Amino acid sequence: MDAADGLMARVEGYRQALVEAQRTLVGIPALGPTNGGQGELAKARVVQGWLEELGLDIQRVDAPDPRVEDGIRPNLVATAPGGDDAARWVLSHLDVVPPGPREEWDSDPWTLRVEGERLYGRGTLDDHAGLLASLFGLRAVLEEGLTPAGRAGLVVVSDEETGSAYGLEHVLETRPDLFTPRDLIVVPDGGDPEGLMIEVAEKSILWLRVEVTGRQVHGSTPDKGVNALYAAARMMVATREMYQRFSLQDPLYHPPMSTFEPTKKEAGVPNVNTIPGRDVFYLDCRVLPQIRLEEVEAALNERFSQIAREQGAQVRISRVQYLPAPPPTPPQAPVVTALARAIQKVRGRPAYPGGVGGGTVAACFRQRGLPAAVWSTWPDTPHVPNEYCELGALVNDTKVFALFFAGL
Ligand SMILES: [Zn+2]
């Protein structure tokens, strides 16, 4: 049996331990204050205990936050010494999103429910799966008596779900010395159900608020007013024209084109018999990095203004979110090839680089010139009721991280 087979066999022995670790984590709700919670400290203490058991060197890079009782948002940086290769990091997060209405869950979201191969509970996938796969992956390397290829690091942060200011952003701002552009950085916080896509790029994000003003009158006399809802509806329909106007496709991304979608709608008049004088809706645009966001804004502005003029209404567009895409991680970057090699060994199928619609925490790394890849086996269950993680996938991902740290 070679070293890779030995590592994978060792990980097989962690199945029950992985389930028990999930049970522990699910039982500690870690909601940030923006989501009405008291933060991540209780969960961080448990995880720190596990990291200490592995004999890792642990540094705390906590962010002060007076909104939580303990006053801090914990961030853990745990490392093991390794060989001469570049350092290998895996970043995961402690916080989870609120479970939403209890009646939409088949069982208590804060109690692990095991049904066959599926582990149900809030956070089991996002991001306990990434946290545990990386932690148990490194554990396998150390218990096999192997030396990691380069320094091996586990970064476990707070505040991923509500902006990262108290999490990864804080770590990168206060400890810029931790990472170098030579390092291999993986973020297991997204991916595809087969665990084959290595996400290296993302689109720019543009969220716009569109406020249409007309003139409110009685429902029986539309001729005396200006129907803002009708004007807004025309604008929403016209938004689809942007798919032709910005029709560039790039096969690296899924989907390959930029997207322009009306999403949120503020409540208008509460009664049927009033012609509304004001309407507010929002657009979520995910734009290929080759296209400048200003061009998209200008095109929407021009088209909406034209419609407003035709309807005798006014329109005001304002930015809600404006995030030009960070430079992509090159598809040939060492982090991608190292991951792809490990995935091929575990899954027996080739992995491929890809781009997504944007908004991953890896952007914090990429904006600083640190090539990060997002990868994990990821069914479409994060942020929904009955979130689950497949035990088999978790075991496989653990094997991939074991091979990744070992450099096999
Ligand atoms: Zn996440």
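Using the charge dipole of the chain (Lys, Arg: +1 at Cβ; Asp, Glu: -1 at Cβ; taken about the Cα centre), state which of V155, A333, H254 has its Cα farthest towards the positive end.
Value: H254.
If you take all C-alpha pairs in the range 35-103, what percent of them are over 14 Å apart? The partial results should precede the final answer.
Details: 1582 of 2346 pairs.
Value for the range 35-103 (Cα pairs over 14 Å): 67 percent.
Dividing the Cα convex hull volume of the range 224-265 by residue count, how many Å³ per residue is that?
56 Å³
Could you give each residue of the range 61-78 its phi-based ³J(HN,Hα) in whole Hz, using Karplus coefficients 6.51, -1.76, 1.60 with θ = phi - 60°, and x for Gly or Pro?
Each residue of the range 61-78 in turn: 10, 6, 10, x, 8, x, 6, 9, 4, 6, x, 9, 10, x, 9, 10, 10, 10 Hz.
Charges at C-beta only: +1 for Lys and Arg, -1 for Asp and Glu. How large is the resulting dipole of the range 49-104 about its Cα centre, in Debye rounded to 20? Spell out each step's value before the answer.
Values: 5 positive and 12 negative charges, 26 e Å.
Dipole size: approximately 120 debye.
With 10 Å bins from zero, work out the P(r) of the range 4-50 over every alpha carbon pair and list the percent per bin.
Reading upward from the zero bin: 24, 35, 26, 13, 3.
Taking 1 over the mean of 1/r across every pair of different Cα atoms in the range 116-172, what Kirkwood radius in Å do you get?
The Cα-based Kirkwood calculation yields 13.4 Å.
Describe numerically, in nm with one decimal, the distance between label points set 7 Å from Cα along Cα→Cβ at D223 and at R245.
Simple spin-label model gives 3.4 nm for this pair.
Compute the signed sum of charges (Lys and Arg +1, Asp and Glu -1) over the other residues within less than 15 Å, Cβ to Cβ, of M8. Before the final figure, lay out the partial values.
Working: positive: R10, R15, R139, R341, K345, R347, K399; negative: D2, D5, E12, E143, E144, D397.
Local charge sum for M8: +1.
When a footprinting reagent is the concern and you count Cβ atoms within 10 Å, what order do S134, S220 take, fewest first?
Ranking S134, S220 by Cβ neighbours within 10 Å, fewest first, gives S220, S134.
How large, in Å, is the range 365-408 by the Kirkwood hydrodynamic radius built from its alpha-carbon pairs?
12.7 Å
For the range 263-268, what does the Karplus curve 6.51 cos²θ - 1.76 cosθ + 1.60, with θ = phi - 60°, yield as ³J(HN,Hα) per residue in whole Hz, taken in order and with x for Gly and Pro?
10, 7, 9, 7, 4, x
With θ set to phi - 60°, apply the Karplus curve 6.51 cos²θ - 1.76 cosθ + 1.60 along the range 373-383 and write out the HN-Hα couplings as whole Hz, x wherever there is a Gly or Pro.
10, 9, 7, 5, 7, 9, x, 7, 10, x, 6
Taking a quarter of the surface of the Cα convex hull of the range 324-408, what do you get in nm²?
6.4 nm²
Which residue, E297, E173, E266, has the most motion in a Gaussian network model of the chain that connects Cα atoms within less than 10 Å?
E266
Considering every Cα-Cα pair within the range 104-250, what fraction, in whole percent, is farther apart than 19 Å?
When every Cα pair of the range 104-250 is considered, 75 percent fall beyond 19 Å.
Remind me, what semi-axes does the range 267-358 give for its equivalent ellipsoid, largest first in whole Å, using sqrt of 5 times each Cα gyration tensor eigenvalue?
On the way: eigenvalues 414, 61, 18 Å².
Gyration-tensor ellipsoid for the range 267-358: 45, 17, 9 Å.
Which net charge results for the neighbourhood of V269, defined as the other residues with beta-carbon distances under 12 angstrom from its beta-carbon, given Lys and Arg at +1 and Asp and Glu at -1?
Neighbour charge sum, excluding V269 itself: -1.
Out of V171, V46, V157, any idea which swings most in a Gaussian network model of the chain, alpha carbons joined below 10 Å?
Its mean-square fluctuation being the largest, the pick is V46.
I'd like to know which of A363, G407, G348 lies farthest towards the positive end of the charge dipole of the chain, counting +1 on Cβ of Lys and Arg and -1 on Cβ of Asp and Glu.
About the Cα centre, the residue reaching furthest to the positive side is A363.
For R215 and K265, what is the calculated FRET efficiency with R₀ set at 22 Å and r taken between the beta-carbons, to the nearest 0.05?
Calculated value: 0.60.
Using only Cα atoms and rounding to the nearest 10 degrees, what angle (0 to 90) does helix 391-406 make with the longest principal axis of the chain?
Compared with the principal axis, the helix lies near 70 degrees.
Mind pulling the per residue volume of the convex hull built on the Cα atoms of the range 193-347? Å³ is fine.
122 Å³
Given the -39500 (n - 2.57) contribution per DSSP H run of 4+ residues, what per-residue ellipticity at 222 nm results for the chain, rounded to the nearest 500 deg cm²/dmol?
Here the helix-only value at 222 nm equals -10000 deg cm²/dmol.
What dipole magnitude, in Debye to the nearest 20, does the range 80-134 give about its Cα centre under +1 on Lys/Arg Cβ and -1 on Asp/Glu Cβ?
Computed about the Cα centre, the dipole is about 100 debye.
Looking only at the range 80-122, which residues have a backbone nitrogen under 11 Å from a spot 7 Å from the Cα of T147 in the C-beta direction?
81-85
Sort I307, I185 by Cβ crowding within 10 Å, fewest neighbours at the top.
By the 10 Å Cβ count, ascending, the order reads I307, I185.
I'd like the distance separating the alpha-carbon centroids of the range 141-177 and the range 339-405, in whole Å.
So the separation of the two Cα centres works out to 15 Å.
May I have the convex hull volume per residue, in Å³, for the Cα set of the range 24-182?
Each residue corresponds to 118 Å³ of Cα convex hull volume.
Sort Y14, Y166, Y322 so the one with the fewest other Cβ atoms within 10 Å of its own Cβ comes first.
Least to most surrounded, the residues fall as Y322, Y14, Y166.
Viscosity 0.890 mPa s, temperature 25 °C: what is the translational diffusion coefficient of the range 280-332 from Stokes-Einstein with a Kirkwood Rh over Cα pairs, rounded to a whole number of µm²/s?
This corresponds to a translational diffusion coefficient of 186 µm²/s.
Where Rh denotes the Kirkwood radius from the mean inverse Cα pair distance, what is Rg over Rh for the chain?
Looking at the chain, the ratio lands at 1.04.
Determine the gain in length on full extension of the stretch T174-R341; use 0.36 nm per residue of separation and subtract their C-alpha separation, reporting nm with one decimal.
My answer for the length gained is 56.8 nm.
Would you grab the residues whose amide H sits under 5 Å from the one on G82? Only those 5+ places off in sequence or on another chain, please, with H modelled 1.01 Å from N.
R151, A152
Calculate log10 I(q)/I(0) of the range 1-116 for q = 0.09, 0.14, 0.20 Å⁻¹, where I(q) comes from the Debye formula with a single equal point scatterer on each Cα and nothing for solvent.
At q = 0.09, 0.14, 0.20 Å⁻¹ the computed log10 ratios are -0.35, -0.79, -1.24.
Check which residues have an amide H placed less than 5 Å from V356's amide H, if you skip close sequence neighbours.
A201, E202, K203, H254
If I take every Cα pair under 8 Å that is 6 or more residues apart in the chain, average their sequence separation and divide by the length, what percent do I get for the relative contact order?
So the answer I get is 24 percent.
Could you work out which residue, out of A373, A238, A129, moves most in a Gaussian network model of the chain, that is, has the largest mean-square fluctuation with Cα springs under 10 Å?
Top of the fluctuation ranking is A238.
All of the numbers you see were taken from the coordinates with simple rules; none came from a lab. Please read all numbers here as calculations on a predicted model, not as lab measurements. Note: ideal-geometry Cβ built from the backbone for every residue, glycine included; neighbour counts use all protein chains shown.
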